[in-house]
Amino acid sequence: MESIKTIVVEDVSLELKGTLSIIRNEIPEVEVIGTAQTEREFWTLIEGGAKPDLVLLDLGLGGSTTVGVDICRKLAEMGSCKVLVFTGELLNEKLWADVLDAGAHGIVLKTGELLTRTEVMDVMAGKRYVFNEPVLEKLVERFRKAVNDEKLHRSASIEYEIDEYDERFLRHLALGYTKDMISELRTMPFSSKSLEKRQADLVSRLFPEGEQRGVNVTRLVVRAIELHIIDPSNLEPDE
């Protein structure tokens, strides 16, 4: 098998040495043809004729998490190599999503088992989403939560007779829309007066009889969230 020509991008000298040690001892197929501790150093290597098969990319270069995402995006546009992210950004899940959107082939967190030959070979074999155990644990946790939330949402919609207009109305109230603004949405063919009646009807359905007096918009929205009728992490406005 031909060697896997690799550039390692890591801004912390000690961690760079550790990564090179892992490669030397655990992944003999990898041939490190260059290292870079800054974005400038990396692009200097590329402009100087380096043609890696794989870029092992840290994200937090110089304290900026966006630099690694930018590098990944440009490499994806060039289409010349694979990108495996090897990062210490353990909690920044949005950053993981950003770098995958930018074209990364996988993410390995600097915890647990660290980088292994398996991740490198999977990426080079063309697998699109390659993760180590800590990432997979997070993904499974999110998957379970999403499935459970969807189950609770369906149950609440049936129990409280929530239709698509109820959900849309509550969602836009949660986003801060007034009833006048909601009535102007193309997906809501109701007048402000009709929405007033819908709000009152929702209060009567979502609250026990003794708790309905004086319920305002904020309390109604909170109740809808508590019952899983709307999801506060997934509030998107209609056009």
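The values are calculated or read from the model by the stated rules, or taken from the named source; none is laboratory data. Everything quoted here is computed from the prediction, not taken from an experiment. Counting neighbours? That spans all protein chains shown, and the Cβs are built from the backbone with ideal geometry, glycine included. Only protein heavy atoms, including side chains, enter the accessible area calculation; ligands, DNA and RNA are left aside. Shrake-Rupley method; radii C 1.70, N 1.55, O 1.52, S 1.80 Å.
Here are the numbers for this structure:
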| quantity | calculated |
| --- | --- |
| Answer from Glu196, Glu161 - the residue that is part of a loop (DSSP other than H, G, I, E, B), among the acidic types (Asp, Glu), open to solvent by 70 Å² or more (accessible area, probe 1.4 Å) and under 24 Å from Gly214 (Cβ atoms) | Glu161 |
| In the range 1-25, residue surrounded by the fewest Cβ atoms within 10 Å (Cβ to Cβ) [restricted to those that are under 30 Å from the mean Cα position of the chain (by Cα) and among the acidic types (Asp, Glu)] | Glu15 |
| Close pairs from the range 174-197: first touching a residue at least 40 places away in the same chain (Cβ under 8 Å) and among the aliphatic types (A, V, I, L, M), partner part of a loop (DSSP other than H, G, I, E, B) and open to solvent by 90 Å² or more (accessible area, probe 1.4 Å), Cβ under 8 Å, at least 6 apart | Leu185/Glu239 |
| Test result for Leu202, outside any helix (DSSP H, G or I), in contact with an Asp or Glu (Cβ under 9 Å, 6 or more places away or on another chain) and at negative phi | no |
| Residue within the range 139-147 that is out of contact with any helix residue (DSSP H, G or I) (no Cβ under 9 Å at 6 or more places or on another chain) and over 30 Å from Phe86 (Cα atoms) present | no |
| Residue count for the range 48-84, restricted to those that are basic (Lys, Arg) and without any contact (Cβ under 8 Å) to a residue 12 or more places away in the chain | 1 |
| Flag for Phe169 being more than 22 Å from Leu227 (Cα to Cα), surrounded by 15 or more Cβ atoms within 10 Å (Cβ to Cβ) and of a type in the set (A, V, I, L, M, F, W, C) | no |
